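Novice: What follows is a structure written as structure tokens; I'll ask about it next.
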Amino acid sequence: MSREAEVLKILLEMSREISSQIPIRTVVRRLSLRLKQLLRADECSIMILDDGRKELAFSESSGLTRWELQNIRFRVGEGVAGWVARHKKPLLIPDCAADERFVAIPKQKRPMISMICVPMLIKKRVIGTVSLTTRVPDHVFTEQELELAVLLSAHISLALENNRLYEISVSDGLTNLYNRRYLEQRLAKEISYARRFRKPLTIVMTDVDFFKKLNDTYGHQAGDEALRQVSDTLTAALRDYDVVARYGGEEFAVILLSTPRGRGASTAERLRQAVEDIEIRFRGQKLKVTISLGVASFPEDSDDPDELIDLADKALYEAKRRGRNQVCLFEGTHPGREKRRPPVERRGSY
């Protein structure tokens, strides 16, 4: 296969992966490997710019040691990557040892011979750099390879920007949790998966008790701080693969994957207790908040995503009617069934 045909093939593969549902880290890893193979480099590294700290840190790399990945950082203007980030220009270095911009790291034992470093740009804004290096003395990059690196790095920039925009579109600005739109889309997919593979699933709806009173007494900024701390507490108390979303106002939703009804109720009680235990400090004041929770499960209560949310919401309002700061399971009947669902034992009220 000619170099031109190989480039076109890789560009097509890149475009497909950027528009796919593959996790962004997997996409970036694959793109960097293709770039490394195409330019026959020994390493291909991607550094992301932290705007706040004005510092570049490794996001992905093929060839570097774990120590190098965890410890090497460059300020904007420092080293080759820092120079490229500051000047927004691609750079080809035939001999790293002879270039004053190259910074040798004491613990980086393997020598680097030639280097290409390209800025990742989105509308003239630097988001990071892509670097390729060789370690063989007679392998020096060419201007043609620099042009290829610029072309393919643009696709990596596009993948990262698409991911950033997607994260913004499905995230809640106050709590950094997923938003209602994402929750509903994700639940539909998870129900489909659970139905196909006969896996249980539980959804928990919860909101902060007497939230309006908290806002009226301490102000909306105190209410915002309470929502942030409740969201952090819920996230910390759950597994990495469970889904937590801000459903609206002071209401949150949790999808407990591969979780049967009984274990889902126990998890909801653990969440209730975790929130009750936190102490929120705001402008010298100590605030206590509690939550009420409603639980509904697949397949016992419903196999329809929208209905499952509605049933968990009804259980939530029953928990509030009974005094708040407690967990209730949905007590209705599934079509064709008459079995009633007892509420979880009440642990207190607020």
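The values are calculated or read from the model by the stated rules, or taken from the named source; none is laboratory data. In this text, all values refer to a predicted model and were calculated from it rather than measured experimentally. A quick note on method: Cβ atoms are made from the backbone with ideal geometry, for glycine too, and the neighbour counts reach across all protein chains shown.
Novice: Looking at 240, 301, 306, can you tell me which residue is outside any helix (DSSP H, G or I) and loosely packed, with under 15 Cβ neighbours inside 10 Å?
Specialist: 240
Novice: While we're here: When the residues of the stretch 131-153 are filtered to those that are crowded, with 17+ Cβ neighbours inside 10 Å and out of contact with any Leu (no Cβ under 7 Å at 6 or more places or on another chain), which remaining residue is farthest from residue 164 (Cα to Cα)?
Specialist: First, pick out the residues of the stretch 131-153 that are crowded, with 17+ Cβ neighbours inside 10 Å: 131-134, 141, 145-146, 148-149, 152-153.
Of the ones still in play, those that are also out of contact with any Leu (no Cβ under 7 Å at 6 or more places or on another chain) are 131, 133-134, 153.
On the way: 131: 21, 133: 28, 134: 31, 153: 17 Å.
Out of the qualifying residues, it is 134.
Novice: Cβ-Cβ distance below 8 Å, separation of 6 or more or different chains: which pairs start in the stretch 119-131 with a residue that is not in a strand (DSSP E or B) and end on one that is not hydrophobic (A, V, I, L, M, F, W, C)?
Specialist: The qualifying pairs are 124/88.
Novice: While we're looking at this one, here's another question. Working only within the stretch 309-319, note down all residues that are surrounded by fewer than 23 Cβ atoms within 10 Å (Cβ to Cβ) and of a type in the set (A, V, I, L, M). Walk me through how you get there before you give the answer.
Specialist: Of the residues in the stretch 309-319, the ones surrounded by fewer than 23 Cβ atoms within 10 Å (Cβ to Cβ) are 309-310, 313-314, 317-318.
If the condition is that a residue be surrounded by fewer than 23 Cβ atoms within 10 Å (Cβ to Cβ) and of a type in the set (A, V, I, L, M), then 309 is the only one that fits.
Novice: Being hydroxyl-bearing (Ser, Thr, Tyr) and either surrounded by fewer than 13 Cβ atoms within 10 Å (Cβ to Cβ) or part of a helix (DSSP H, G or I) (or both) is the filter here, so list the residues in the stretch 163-217 that pass it.
Specialist: Result: 166, 169, 182, 192, 193, 217.
Novice: OK, next. Evaluate the stretch 261-278: report whether one residue or more is of a type outside the set (S, T, N, Q), surrounded by 15 or more Cβ atoms within 10 Å (Cβ to Cβ) and assigned to a strand (DSSP E or B).
Specialist: No - not one qualifying residue is present in the stretch 261-278.
Novice: Which condition breaks for residue 334 when tested against (1) at pLDDT below 95; (2) touching a helix residue (DSSP H, G or I) at 6+ places or on another chain (Cβ under 9 Å); (3) surrounded by 15 or more Cβ atoms within 10 Å (Cβ to Cβ)?
Specialist: Every condition holds for residue 334 apart from (2).
Novice: Of everything in the stretch 132-148, what is acidic (Asp, Glu) and either on the phi > 0 side of the Ramachandran plot or without any contact (Cβ under 8 Å) to a residue 24 or more places away in the chain (or both)? Give them in sequence order.
Specialist: 138, 147
Novice: Can you list the strands (runs of 3 or more DSSP E) found entirely within the stretch 31-90 that contain at least 3 residues being farther than 23 Å from residue 148 by Cβ? Don't jump to the end; show me each part of the working.
Specialist: Details: elements: 43-50, 55-62, 73-75.
Because the criterion is at least 3 residues that are farther than 23 Å from residue 148 by Cβ, the strands (runs of 3 or more DSSP E) in the stretch 31-90 that meet it are 73-75.
Novice: Looking at (1) among the basic types (Lys, Arg); (2) in contact with a Phe, Trp or Tyr (Cβ under 7 Å, 6 or more places away or on another chain); (3) more than 17 Å from residue 179 (Cα to Cα), which one does residue 246 not meet, given that it meets all the others?
Specialist: Of everything listed in (1) among the basic types (Lys, Arg); (2) in contact with a Phe, Trp or Tyr (Cβ under 7 Å, 6 or more places away or on another chain); (3) more than 17 Å from residue 179 (Cα to Cα), residue 246 misses just condition (3).
Novice: Could you check how many residues of the stretch 113-168 are under 15 Å from residue 27 (Cα atoms) and modelled with pLDDT under 90?
Specialist: Of the residues in the stretch 113-168, the ones under 15 Å from residue 27 (Cα atoms) are 130, 152-164, 166.
Checking which are modelled with pLDDT under 90 leaves us with 152-164, 166.
So the answer is 14.
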